[in-house]
Amino acid sequence: MALANPPASLSSTDGKLMSESLSDRLAARLAAQIESGALQPGDRLPTEAKLALLHGVSRSVVREAVHRIKSRGLLLSRQGSGVFVAAQPLHRALEFDPAVLGSVSNLLQVLEVRRVMEGEIAALAAERATRTQITALRRALQAIDAASARGEDGVAEDLAFHLAIAEASGNPQFSQLLGFLGQYLREGMRITRANEARRADFMEAVRHEHHAVLDAIAARDAPAARRAANLHMDRGRLRLERGGVITRPVSKIPRRRPTQPTESSK
């Protein structure tokens, strides 16, 4: 079966893959074709040589991409026959591509997912948290401060604080989802907290933001809790930019055409 045309975001103008993260891009392209049904269960993949020629990459890139997809259970090898699309279960487990741990830019994608969730979780916690849970949140913040005072990165304590907010939301699905994301969030938190530890003003800002979230939850102010959680995420990204860990994307602002003088202005 011939491969379907790839999504435009994964290819250059001539259909060949861009030079960066080739195996990741090819894996994403093939996985998208499998998940969309362009490649059906039982279909045989073209040979390494054909895939390399079709996508303008080396055979080693093809091998790495196929390996990535196999690790997700989307492909299987048959001795002497080739590589085939595997049958997909009716209910698939939630998963992220392991490649997300490979770079800061990919980790930022996970942090964007977290940004969408954190505000609503905090708002629900403000509406539903018990006194015992609010006390647990205060202890979680004290644990972060204690870890910092010991010279530790405080990643486990930071994650525990956010998990405690999820538990206080009263929805166990949030706790499970954050628990799953934890394997990815830990690496992102190591990067952010290492960046923040270099500057006292960064550390103090984080501490203030955490307390603002907790204070809003304790006050039963859902809108304030949502704002505080979102602000914490937004400022965390800004600190990464100011620390030189990431660069701000360049905004493409269309040029305004000069206005033509009217008859009355001549």
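The values are calculated or read from the model by the stated rules, or taken from the named source; none is laboratory data. Everything numeric here is computed off the predicted structure, so don't read it as measured data. Note that we place each Cβ from the backbone using ideal geometry, even for glycine, and neighbour counts take in every protein chain shown.
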Can you tell me which of 231, 214 is more than 18 Å from the chain's Cα centre (by Cα) and either of a type outside the set (Asp, Glu) or part of a helix (DSSP H, G or I) (or both)? 214
Given the criteria surrounded by 14 or more Cβ atoms within 10 Å (Cβ to Cβ), in contact (Cβ under 8 Å) with a residue 40 or more places away in the chain and either outside the structural domain of residue 238 (by TED's automatic domain parsing) or closer than 28 Å to residue 241 by Cβ (or both), does residue 153 qualify? yes
Among the residues of segment 53-86 satisfying the criterion of being within 25 Å of the chain's Cα centre (by Cα) and in a loop (DSSP other than H, G, I, E, B), which is modelled with the highest pLDDT? 74
Determine the pairs where a residue that is within 12 Å of residue 61 (Cβ to Cβ) and in the same structural domain as residue 53 (by TED's automatic domain parsing), located within segment 22-39, has a partner that is acidic (Asp, Glu) and modelled with pLDDT of 80 or more with Cβ atoms under 6 Å apart, the partner being 6 or more residues away or on another chain. 23/64
Residue ID - nearest to residue 198 (Cα to Cα), chosen from residues in segment 143-157 that are touching a Lys or Arg at 6+ places or on another chain (Cβ under 9 Å) and in a helix (DSSP H, G or I): 148
